[in-house]
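Structure first, commentary second.
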Amino acid sequence: MESLKRGQRVAITATIAILLLAVAKFVTGYLFDSRILVADAFHSGVDVLAIFASWFGLWLASRKESAKFPYGLYKAETFVTLVIGVLVVWAGMENLLEGYRKFFLLPPRYAFPTLPVLVSGISVFVSYFVAKMEKETGAFINSGALQANASEGFLDIGTSLVVLAGILLAHAKIPYIEGSIVMLIALLIIRLGVKNVWTPILVLLDANLDPRLQAEIEHKISAIDGVKDVRGVKIRQSGPFKMVECNISTGPSVSVYKAHELADKIEDLIREDYSQIESVFVHVEPVRQDTLSVIIPVKEMNGLDSKIHGHFGRAPYFIILKLDDKGSAEIEDFYYNEFLGEKDRIHVGVKVIKAVIKHNLDLVFTTRIGEISFYMLKNNFIDIYRADAGSTVREIVERYHKGEIEPITAPHPAEESELERQRTDK
């Protein structure tokens with residue numbers, strides 16, 4: 001809210017400064033019969049309307065949602081910008097016709113236009129400081145409208161320099177110069193007007209205006225543990241903010257609580273990284289994968305005929321398999337339990353999990369597993385199934401595909417695991 005208020009202050013300050021500048025240009029141009037300066041006054045007037053629309057949008061963004069407007073009033077800025085764009089195009093066409101009429105006329109000889117030159121010079125400095133202020137504040141609060149206005153403000157510096165040169169050349173009675181510059185400014189006004197019409201139309205039609213951001217969000221979500229797939233990331237603009245929707249897939253056995261926790265994690269991540277995103281909606285779908293990554297504690301390295309060890313953390317070896325939905329198993333790797341040689345072998349299962357989690361595991365087959373290891377696997381969205389000690393890996397895989405293996409829903413009691421560890425040490 002404080003950022004929005006800061007943006008409002010900058011926008012209203014810029015509006016007043018550019019408005020006074022536009023009035024000064026118009027009055028001076030009218031009194032000194034300088035059509036170039038009058039056209040530039042219209043150009044500054046367009047900037048005033050654009051900055052005012054930014055202020056209006058930031059002001060609406062700070063209003064609370066209501067029962068009648070549960071999504072806020074953010075799109076009111078878009079509608080106002082659209083209306084302003086239409087008026088700007090009309091003003092640009094009027095200036096283009098006036099420039100065409102001036103194109104073939106030589107301006108009358110007057111005294112040196114000191115005041116018009118002074119006003120044009122002041123316009124250069126005012127445009128620079130206003131644009132600099134808008135750029136810094138827009139970047140700080142992530143306001144796209146303020147940053148866009150800053151870009152136009154820096155372009156206005158060049159326009160003011162062209163106007164200054166045009167006034168001097170017109171005073172020197174250079175043919176066609178006044179009409180040419182008036183038409184040039186008119187084309188700039190029309191370009192701004194068309195932009196202010198086209199962009200709001202795209203926003204109101206919920207077009208995707210930021211595919212780069214869409215790709216970034218998909219990449220960030222895919223890297224979160226528990227997310228199996230990301231589909232349908234949609235971004236729509238609503239005033240100064242963006243709304244994000246996405247569908248993610250996770251394991252079919254994930255509880256409703258864990259799925260909700262995963263969705264909250266994604267929402268918090270996106271909001272923290274992108275302050276311009278106002279809301280995130282995540283739809284979670286269970287999915288059964290075609291290929292699963294499985295880890296099994298075994299007594300020896302004998303391929304699929306390796307026999308299963310009676311405890312997860314104290315197994316000397318681990319076999320990592322790739323299972324497909326057709327029942328075939330492919331050995332991906334063997335892992336030697338390097339932590340068994342340590343003097344302090346407490347929580348050895350946790351150390352093993354940290355070492356092999358990089359394989360993006362989906363399943364664990366084990367006879368029993370300690371509490372910390374159990375919850376660590378569950379927190380990483382890894383399912384645990386019971387396997388009989390002494391059975392071969394091949395037998396367990398066949399039973400799993402037949403649906404004869406039950407999941408482990410509770411860990412091995414910590415007291416029994418500690419007694420067993422002490423007996424093993426002795």
Conditions (1) over 16 Å from Gln8 (Cα atoms); (2) modelled with pLDDT of 75 or more -> Lys132 fails only (1)
Cβ contacts < 6 Å: first residue under 9 Å from Ile189 (Cα atoms), restricted to region 79-98; second residue surrounded by fewer than 20 Cβ atoms within 10 Å (Cβ to Cβ), any location; separation 6+ or different chain. Result?
Val89/Ile190; Gly92/Ile190
Condition test on Glu218, is it out of contact with any helix residue (DSSP H, G or I) (no Cβ under 7 Å at 6 or more places or on another chain), part of a helix (DSSP H, G or I) and modelled with pLDDT of 85 or more?
yes
Pull up region 301-324, narrow it to residues that are out of contact with any Gly (no Cβ under 6 Å at 6 or more places or on another chain) and more than 24 Å from Lys358 (Cβ to Cβ), then point me to the one that is surrounded by the fewest Cβ atoms within 10 Å (Cβ to Cβ).
Asp305
Could you count how many residues in region 221-246 are over 26 Å from Ala76 (Cβ atoms), assigned to a strand (DSSP E or B) and not hydrophobic (A, V, I, L, M, F, W, C)?
3
Hey, among the residues in region 284-301 that are part of a strand (DSSP E or B) and among the polar types (S, T, N, Q), which one's farthest from Thr366 (Cα to Cα)?
Thr291
Here are some residues: Phe334, Phe281. Which one is over 35 Å from the mean Cα position of the chain (by Cα) and either in contact (Cβ under 8 Å) with a residue 24 or more places away in the chain or assigned to a strand (DSSP E or B) (or both)?
Phe334
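The values are calculated or read from the model by the stated rules, or taken from the named source; none is laboratory data. Not measured: the values here are computed from a predicted model. Cβ sites come from the backbone with ideal geometry, for glycine too, and all protein chains shown count toward neighbours.
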